[in-house]
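Just so it is clear, none of the values below were taken in a lab; they were calculated from the coordinates. What you see is a predicted model, and the numbers here were worked out from it, not measured in a lab. Backbone-built Cβ (ideal geometry, glycine too); neighbour counts: all protein chains shown.
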Amino acid sequence: MNHDSHSSSKPFYHYFFSTDHKVIGLLYTITALVFLLCGFMLMLVMRWQLAFPGSPIPLLGRILSPSLAPNGVMTPNFYNALGAMHGTIMVFLGIVPLGVGGFGNYVLPLQIGAEDMAFPRLNLASYWFFLSGGLLMLSSFILPGGAAQSGWTSYPPLAIINPGQTVWLFAMVLLITSSLLGAINFLVTSLNMRAAGMKLSRLPIFVWAQIVTAFLLLLAFPPLEAASVLQLMDRIAHTSFYLPQGLVILGMRHIASGGGQPLLWQHLFWFLAHPEVYVLLLPAMGIVSEIIANNTRKPIHGYNVIVGSMIAIGLLAFVVWAHHMFISGMSAVLSDFFLVTTMIISVPSVAILTSFVFSLRGGSIRFTTPMLFALAFLPMFGIGGLTGLPLGLTVTDIYLHDTYYIIGHFHYIVVPGSLLALMGGVYYWFPKWFGRKMNDTLGQWHFWTSLICMNGVFFPMFIQGLAGQDRRYYDPMAALHSVPTQPLHVVSSAFAGLLFLSQIPFIYNFFHSIWHGEKTDDNPWQATTLDWACPSPPPHGNFTKPIRVYHGPYEYSPVGHKTDWIAQNEEVLA
Amino acid sequence: MSGTAAVLTHQPGESTGVTNAKLGIWLFLASEIMLFSTLFTTYIVLRIGAASWPRGWNVLNVPLGMINTFVLITSSVTMVMAYAKAHERDLKGFQRYISLTILLAFAFLVIKGFEWGAHFRHNEFPSTSIFHAVYFTLTGLHGLHVIGGIIVNSTLLYLSRTDFEHPLFVGRVEGAGLYWHFVDIVWIFLFPALYLL
């Protein structure tokens with residue numbers, strides 16, 4: 001491959017089959033943003049049913065086939081399919097590919113001073129596994145049997161009986177393969193490809209976050225892959241890994257040998273899916289570290305604490321999974337164990353958040369657009385995290401489990417938490433990607449409207465959950481105790497619609513700025529890390545001069561230096 | 001890949017002391033260990049929870065399983081020999097031993113095929129009982145890994161005609177060897193767990 005292979009004069013296929021980590025990173029970013037929009041639109045359709053149960057969906061109701069929505073009113077099965085696919089798409093096709101595949105691929109090799117990833121062709125393969133898995137997942141809506149209907153958690157026996165699950169499982173196997181290849185690549189790259197002088201203690205926190213994330217993906221995903229294969233066997237070869245003896249469905253005895261255990265799936269699933277929560281979160285925390293250090297113009301508070309906490313989270317993430325199963329049937333001794341580990345894992349998370357808050361103290365803060373997103377992450381993640389504590393305690397969890405409270409809790413972590421931080425990352429690294437800046441006015445509109453709407457969508461859910469309204473119900477009016485808090489669904493749905501509208505400035509800004517944004521120099525934020533020590537956009541091979549690292553990642557406001565920052569590769573004579 | 005990158009990647013990384021390829025293959029094996037650990041855990045959980053569990057030797061053909069164990073162990077030895085020959089830059093020797101490894105892998109699959117065929121003729125399928133579900137799924141997934149090994153080793157055999165002197169070639173053989181030993185070890189656990197316990 002020659003050295004200008006991604007210049008704009010090259011034909012289309014060079015973008016889709018390039019092994020350059022920057023091209024692959026951008027492909028991941030844009031694909032993930034599109035999937036996020038898809039997942040969001042599925043939710044908008046669901047929200048209509050929740051706000052106005054049993055009334056025809058406007059506009060869309062006329063287009064949908066009568067099997068999905070007779071007379072424009074969605075069927076319970078279609079509602080279930082939308083819910084399952086919303087969760088799956090947002091987690092596996094949206095946030096993770098954006099945080100890991102997108103930002104990780106583009107920024108990590110730059111920040112460690114590498115020419116490319118360790119295995120460039122494997123990197124391309126992992127993107128193609130991701131894309132084919134994603135397209136297969138989306139196409140399940142139009143395949144016979146429809147989309148999966150058993151929630152993103154796919155609990156058996158329902159998941160084995162319901163139609164649509166087979167395609168979900170095949171797509172998951174592709175997505176898992178993609179993540180595994182990516183994780184291997186990230187770990188080898190960050191261990192073996194660092195520039196001279198880039199000691200582990202000088203790695204930017206973003207890189208540490210990616211390392212811990214890759215470690216989680218590498219070791220937590222194979223159990224789900226195995227579990228998915230077993231579920232696939234249950235569906236295709238009619239085995240009974242997850243089916244108990246004498247199962248009766250709709251009054252009919254289910255024809256299968258039995259002898260399996262439905263709870264086994266829950267254990268295997270959450271053994272992946274709890275670490276997956278940190279896969280959603282850690283890259284966002286890495287981005288927040290970079291933005292905060294850069295915009296407070298002072299070293300991040302407690303580098304060692306943050307890195308140590310991230311590693312602690314990475315280890316503890318493997319021993320908390322069954323707190324998702326407190327009411328699934330588990331001995332009290334086991335519950336106590338998982339209760340204690342869950343309380344322990346909140347300590348490093350709080351340590352990281354506290355370090356971020358202390359980083360702000362005494363800083364001369366620049367309220368740039370990315371900084372607004374990073375700042376909003378702090379209280380939003382705080383709310384998400386603190387509302388999680390009652391769910392980790394068995395006594396309160398028994399009441400709150402499977403209510404809207406839990407939906408509010410994890411959405412606060414992922415949406416105004418992770419997603420806001422990832423959006424901030426887009427504004428922060430956009431000048432590196434395209435050599436142009438995104439418009440600040442539009443960016444601030446996007447930020448304030450999104451922040452307000454996200455709270456408008458998710459805060460009512462806490463109230464509904466505390467009042468006992470169950471999640472997963474197709475018709476909130478079906479249970480008497482849900483009726484008083486049903487009007488809050490109208491509030492949530494209205495804000496969800498507004499949230500959709502407030503993404504329009506972002507979409508316009510993104511594409512407009514690629515070609516017409518204000519031109520910037522190589523390092524518009526005066527940042528210290530190596531991703532800003534190369535041209536914007538970086539050429540193939542990234543760096544135009546040999547890189548040697550002399551400093552830690554956040555040398556801001558040094559005493560007696562001509563600028564208020566020292567780049568990591570800048571040699572300063574003492 | 002640019003010319004400079006290829007030169008760099010056959011040198012060990014400064015902090016780890018191993019090449020990218022070797023580090024990568026070990027990480028891949030770590031994930032494979034998690035995969036098969038999950039399957040063995042499933043086996044243990046289901047067996048403990050089962051009302052009755054047949055003795056392996058009453059249901060399965062122990063002599064054939066035993067022969068297959070020896071076939072795989074022998075193929076591990078020939079794989080090591082192939083690596084040694086690649087290290088010595090002995091093309092003919094390498095091709096001889098890697099071909100032997102591939103043949104032994106095929107022999108394993110053929111014997112396995114006879115075993116499965118006999119089960120099918122006796123109307124024993126994965127859906128017959130939870131024991132059969134475990135047996136067919138675990139040996140099936142292991143079989144897929146054997147097929148993967150055949151593909152990798154055949155590719156190396158094919159590439160050796162042109163790329164034998166390539167600086168990365170020995171490393172590739174070593175990576176394939178590590179993988180093949182792993183496939184072997186999985187069987188060493190599978191055989192007693194399914195046939196002898």
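Observations, loosely collected:
- Put in order of Cβ neighbour count within 10 Å, fewest first, the listed residues A:Asp116, A:Asp234 become A:Asp116, A:Asp234.
- Amide H contacts for A:Trp565 (H built 1.01 Å from N in the peptide plane; partners 5 or more residues away or on another chain; cut-off under 5 Å): A:Ser557.
- Subset of A:Lys199/A:Lys437; A:Lys437/A:Lys545; A:Lys22/B:Lys22; A:Lys519/A:Lys562; A:Lys22/A:Lys298; A:Lys199/A:Lys545 violating a 27 Å alpha-carbon distance limit: A:Lys199/A:Lys437; A:Lys22/A:Lys298
- DSSP H segments from chain A that extend 20 Å or more along their own axis, Cα-based, with Kyte-Doolittle mean of 0.0 or above: A:21-51, A:120-139, A:165-192, A:205-236, A:262-296, A:332-360, A:369-386, A:420-434, A:440-466, A:487-501
- Rg ratio (alpha-carbon, reference 2.2 N^0.38 Å) - the protein assembly as shown: 0.99
- Cα convex hull of region A:341-446, projected area averaged across orientations, nm²: 8.4 nm²
- Computed from the C-beta positions of A:Arg297 and B:Val45, the FRET efficiency with R₀ = 56 Å rounds to 0.55.
- Other protein chain C-beta atoms within 10 Å of residue C-beta, averaged over A:172-181: 1.
- If you bin all the Cα-Cα distances of region B:113-197 at 5 Å, starting from zero, the percentages per bin are 3, 12, 18, 18, 14, 11, 9, 7, 5, 3, 1.
- When the Cα positions of A:Val357, A:Ser493, A:Leu200 are compared along the charge dipole of the protein assembly as shown, A:Ser493 comes out farthest toward the positive end, with charges on each C-beta of Lys, Arg, Asp and Glu.
- All Cα pairs of region A:14-61, percent lying beyond 14 Å: 63 percent
- Helix-only mean residue ellipticity at 222 nm for chain A, each DSSP H run of n ≥ 4 adding -39500 (n - 2.57), per residue, nearest 500: -19000 deg cm²/dmol
- Modelled FRET efficiency - R0 22 Å, A:Ile249 with A:Phe170, Cβ distances, 0.05 increments: 0.40
- Taking the Cα centre of the protein assembly as shown as origin and assigning +1 to Lys and Arg Cβ atoms and -1 to Asp and Glu Cβ atoms, the resulting dipole is close to 340 debye.
- Based on alpha carbons, the Rg and Dmax found for region A:434-574 are 24.2, 74 Å.
- Cα-only radius of gyration and Dmax that characterise region B:1-158, units Å: 19.9, 62
- Each of B:His145, A:His489, B:His166 was scored by other Cβ atoms within 10 Å of its Cβ. Arranged with the fewest first, they read B:His166, B:His145, A:His489.
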